[in-house]
Amino acid sequence: MQTIHTDAAPAAIGPYSQAKVVGNLLFVSGSIPLDPTTMNVVGEDIQTQTHQVCKNIEAILKATGSDFEHVVKTTCFLHDMNDFAAFNEVYGSYFTGKPARSCFSVVQLPKNVLVEIELIAEID
């Protein structure tokens, strides 16, 4: 098992890693819309925050030689399910391979953000 860390994505804000590799699978921890340099929340709306989350995920995927096309499964957490359509618009522009997905509305996310995404991807 290998622990993944890249400075191009936000550092973990708790006792966990950005990602782990087991065999040819990459398990990416829940990513929230933090700027990797400042660790501040980016944006106040679901679309801006979703773009930032996807940029953070992309940095982790690239650090392992993977990309969005190799994502097998995502789990998405939204603060408000009324944001579902706007979230999907941005999400769909990144996850064009249409991985398996679960999406839940939750009461609260870390730092009171609007979205968090975790995933499993295949790596070579």
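Please treat every number below as a calculation from the coordinates, not as lab data. Here the structure is a predicted model, which is why all the values come from computation and not from measurement. All Cβ positions, even for glycine, are placed from backbone atoms using ideal geometry, and neighbour counts span all protein chains on display.
Loop-resident GluC sites (Glu not before Pro) (DSSP state other than H, G, I, E or B) in region 23-118 with no more than 11 further Cβ atoms inside 10 Å of their Cβ: E44. Largest first, the extents of the alpha carbon coordinates of the chain on the three principal axes equal 38, 31, 21 Å. Name the most mobile residue of V106, V28, V42, meaning the one with the largest mean-square fluctuation, in a Gaussian network model of the chain with Cα contacts below 10 Å. Maximum fluctuation in the GNM of the chain, among the listed residues, is at V106.
Dividing the mean sequence gap of close Cα pairs (under 8 Å, 6+ apart) by how many residues the chain holds gives a relative contact order of 32 percent. Can you give me the angle between helix 84-94 and the longest principal axis of the chain, using Cα atoms only, in degrees from 0 to 90, rounded to the nearest 10? It works out to around 30 degrees.
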